[in-house]
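This report concerns only the one structure given below.
The values are calculated or read from the model by the stated rules, or taken from the named source; none is laboratory data. Since the structure is predicted, the reported quantities are computational estimates derived from the model, not experimental observations. Counting neighbours? That spans all protein chains shown, and the Cβs are built from the backbone with ideal geometry, glycine included. The protein model used for the area step is the full one, side chains on, heavy atoms only, and it has no ligands, DNA or RNA in it. Shrake-Rupley method; radii C 1.70, N 1.55, O 1.52, S 1.80 Å.
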Amino acid sequence: MPISFYEARQKILDTVPLLSSERVPLLEAAGRAIAEDVIASQPLPAFDNSAMDGYAVQAEECLIGKTLPIDGYIPAGKTLIKPLEPGTVAKIMTGAPVPRGANAIIPFENCQEQQHAISPNYTVKKGDHIRWTGEDIRPGDHIISSGTVLRSAEISLLASLRIATVPVHRRVRVAILSTGDELQEIDEPPFKGGIANSNSWAIATACQEVGAIPVMLGIARDNLADLQEKIKEGLQADLLITSAGVSSGDRDLVREVLATHGVTEVFWKVKIKPGHPTAFAMHNKTPVFSLPGNPVSTLLTFEEFVRPALLKMMGHHSVLKTLYQGVWAEPIKKKPGRLQILRVSVSFNQDGEILLKSAGDQNTGILRTLIKSQGIVLLPADRDFFAAGEKIDFHLLGGSTAIGY
Ligand code: AMP
Ligand code: MG
């Protein structure tokens with residue numbers, strides 16, 4: 001019995017395993033989900049330091065018009081610093097430690113130096129332009145939660161705290177197997193009736209977009225022996241994706257061969273369009289996705305089902321794309337019964353609202369519509385009509401991060 005889109009996705013997310021973690025240098029960790037909470041063991045800043053190039057002063061002594069001689073020069077990185085003598089100031093550079101006895105900085109641009117002395121001409125407040133120890137991060141602060149993707153901001157903080165390696169979940173090694181007698185590798189001379197194996201490349205790229213490692217298994221022909229051998233190899237990976245051969249045709253042998261390998265099917269057929277024959281199964285701890293062969297169906301089912309599974313396995317705490325709301329531009333009819341995965345263009349209208357339009361012919365044979373789309377709308381199974389002006393949820397597609405065309 002076909003199951004609903006949301007049921008299918010939930011079953012997948014409930015089933016896929018979390019991969020083990022490994023400790024890697026920061027640059028290798030960037031873009032991946034950290035596998036543990038990070039608690040600060042030291043303060044940031046580590047010492048009181050100047051936020052400006054200027055003069056370290058004692059605020060209470062800075063009476064307007066009073067002359068304060070300069071006694072000392074503190075460049076950034078200086079370690080031995082004498083305390084500030086009462087009645088004097090010290091020249092100080094940004095990032096340099098504030099000397100004992102000083103409690104404010106007067107920036108160069110706020111006063112004139114004359115004969116090796118300064119005369120404040122405004123009221124200096126205690127704490128002016130000083131970055132105090134621990135004002136950003138205090139020891140014991142919970143600064144990054146397990147499952148957070150390490151962007152440049154998190155890497156900056158980790159590096160500031162001198163954390164050089166972090167635990168992250170392993171990247172998923174994804175075996176990719178295309179199936180079909182008609183398929184040819186893209187560098188082979190075309191024969192009549194031959195179809196270029198584009199799915200392996202498309203799936204591999206989509207895997208890389210989320211940080212998984214594609215393992216290309218090439219093409220299995222529509223016969224039991226070839227499928228047996230290549231599926232066996234694929235089951236060695238962390239996850240196996242097959243494309244095509246999963247419908248009800250007499251050459252659609254993928255599920256039959258998976259079953260002979262002791263793979264337990266979780267579901268087959270989902271009430272969606274496109275992507276109806278999608279199957280999902282488990283072989284011990286290895287998830288197996290059997291995606292429909294049509295290139296549009298393959299990529300859309302990857303986007304909606306495989307992508308969140310990969311992120312979950314790699315320990316991400318947000319695995320589903322953020323849903324935004326846009327205004328539907330033109331009326332659209334659909335048959336009730338299946339959720340439609342609609343390829344849409346995303347732009348802004350004159351009022352600055354997000355405008356969603358069908359990106360073109362929604363026939364599953366039209367790859368060009370996928371090229372022209374930046375977003376996906378999941379039209380609910382039970383609806384059959386959407387009016388222009390309706391507010392509708394969408395998410396950005398694949399590697400798209402920006403709106404506006
Ligand atoms: P099937 O699910 O085996 O009936 O395949 C559905 C359609 O997808 C057929 O037109 C296939 O030729 C096409 N197709 C299957 N596998 C691939 C692939 N790896 N690359 C491009 N097209 C494919
Ligand atoms: Mg086929």
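Quick look at the numbers
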| quantity | calculated |
| --- | --- |
| Condition met for GLY262 (of a type in the set (Gly, Ala, Ser) and within 11 Å of ligand 1 (Cβ to nearest atom)) | no |
| Matching residues, the stretch 166-182, being within 16 Å of ligand 2 (Cβ to nearest atom) and open to solvent by 20 Å² or more (accessible area, probe 1.4 Å) | ASP181, GLU182 |
| GLY87, sole failed condition from (1) at positive phi; (2) of a type outside the set (Asp, Glu); (3) open to solvent by 40 Å² or more (accessible area, probe 1.4 Å) | (3) |
| Some residue of the stretch 271-280 being out of contact with any Ser or Thr (no Cβ under 9 Å at 6 or more places or on another chain) and of a type in the set (Ser, Thr, Tyr) | no |
| Count of the stretch 92-151 residues which are more than 43 Å from the chain's Cα centre (by Cα), assigned to a strand (DSSP E or B) and either free of Cβ contacts under 8 Å to residues at least 24 places away in the same chain or surrounded by fewer than 20 Cβ atoms within 10 Å (Cβ to Cβ) (or both) | 3 |
| Residue in the stretch 58-75 that is least open to solvent (accessible area, probe 1.4 Å), counting only those that are without any contact (Cβ under 8 Å) to a residue 24 or more places away in the chain and under 16 Å from GLY95 (Cβ atoms) | PRO75 |
| Residue in the stretch 185-195 that is in contact with a Leu (Cβ under 8 Å, 6 or more places away or on another chain), open to solvent by 20 Å² or more (accessible area, probe 1.4 Å) and free of Cβ contacts under 8 Å to residues at least 40 places away in the same chain present | yes |
| Considering residues of the stretch 194-224 that are under 19 Å from ASP238 (Cβ atoms) and hydroxyl-bearing (Ser, Thr, Tyr) only, the residue farthest from ligand 1 (Cβ to nearest atom) | THR205 |
| Set GLY315, GLY293, GLY365, GLY360: member being under 21 Å from ARG383 (Cα atoms), small (Gly, Ala, Ser) and either open to solvent by less than 40 Å² (accessible area, probe 1.4 Å) or touching a residue at least 12 places away in the same chain (Cβ under 8 Å) (or both) | GLY360 |
| Within the stretch 229-249, tally of residues that are open to solvent by 60 Å² or more (accessible area, probe 1.4 Å) and more than 12 Å from ligand 1 (Cβ to nearest atom) | 4 |
| All helices (runs of 4 or more DSSP H) inside the stretch 233-316 with 1 or more residues being within 26 Å of the chain's Cα centre (by Cα) | 295-301, 307-313 |
